[in-house]
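Novice: Questions regarding the structure given below will be posed in turn.
Please treat every number below as a calculation from the coordinates, not as lab data. Nothing here was measured: the structure is a model prediction, and the numbers come from that model. For neighbour counting, all protein chains shown are included, and Cβ atoms are generated from backbone atoms with ideal geometry for every residue, glycine included.
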Amino acid sequence: MTKVVLQSVLIMLGLTFIGSVYGHPATERYIPIGYWVSVADGYTYMGEIKSHDAAVQSMTVEGSSGYKTVAITKQTKVWLDRSKLKLTNLKGSYSDCREGRTVEVKFKDDSDTEAEWVKVRITTR
């Protein structure tokens, strides 16, 4: 009986830790590009926007592992990372995803095509 209780407690602690590692969607917009906890785990993709297609709202991002085409949907959240300017981050839109800008993309699923959110680095006022 004691062994079962101990295992249950350890499982609950493990689930609590996992939830805190990935952050909360409501606070994600405030985290600067490159500081999301799972960047190294492949959950996000960082790079420079090389091209975009406004007709289908997609962009091609060149990162360390090559090029990825990213689809932006109505549900995709776009945030403007203004931390380099020492300003707060703002809500953005697809029109802020311009060529030459650095972005961080969190994909919705394992397909690596549809973005859950995009952060766009803004370096000039």
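Novice: Pop the C-beta distance of Asp110 and Ala54 into the FRET formula with R0 = 25 Å and round what comes out to the nearest 0.05. Numbers along the way, then the final one.
Specialist: On the way: r = 27 Å, r/R0 = 1.07.
Working from the Cβ atoms, E equals 0.40.
Novice: Express in nm, to one decimal, how much length is gained between Leu87 and Lys68 on full extension, taking 0.36 nm for each residue of separation and deducting their alpha carbon distance. Provide the component values of the computation, followed by the final result.
Specialist: Numbers: separation 19, 0.36 × 19 = 6.84 nm, distance 2.91 nm.
Result for the pair: 3.9 nm of gain on full extension.
Novice: Treating cross-link reach as a plain straight distance, find the lysines whose alpha-carbon is under 30 Å from the alpha-carbon of Lys68, omitting any fewer than eight places away in the same chain.
Specialist: Counting by Cα, and skipping residues close in sequence, Lys68 has these lysines nearby: Lys50, Lys77, Lys84, Lys86, Lys91, Lys106, Lys108, Lys119.
Novice: Could you pull out every one of the aspartates and glutamates with an alpha carbon less than 13 Å from that of Lys74, ignoring same-chain neighbours closer than 8 positions?
Specialist: The qualifying aspartates and glutamates are Glu114, Glu116.
Novice: Among Asp96, Asp81, Asp53, rank each residue by its count of other Cβ atoms within 10 Å, from fewest to most, as a rough exposure measure.
Specialist: On the way: Asp96 16, Asp81 27, Asp53 11.
Fewest-to-most ranking of Asp96, Asp81, Asp53: Asp53, Asp96, Asp81.
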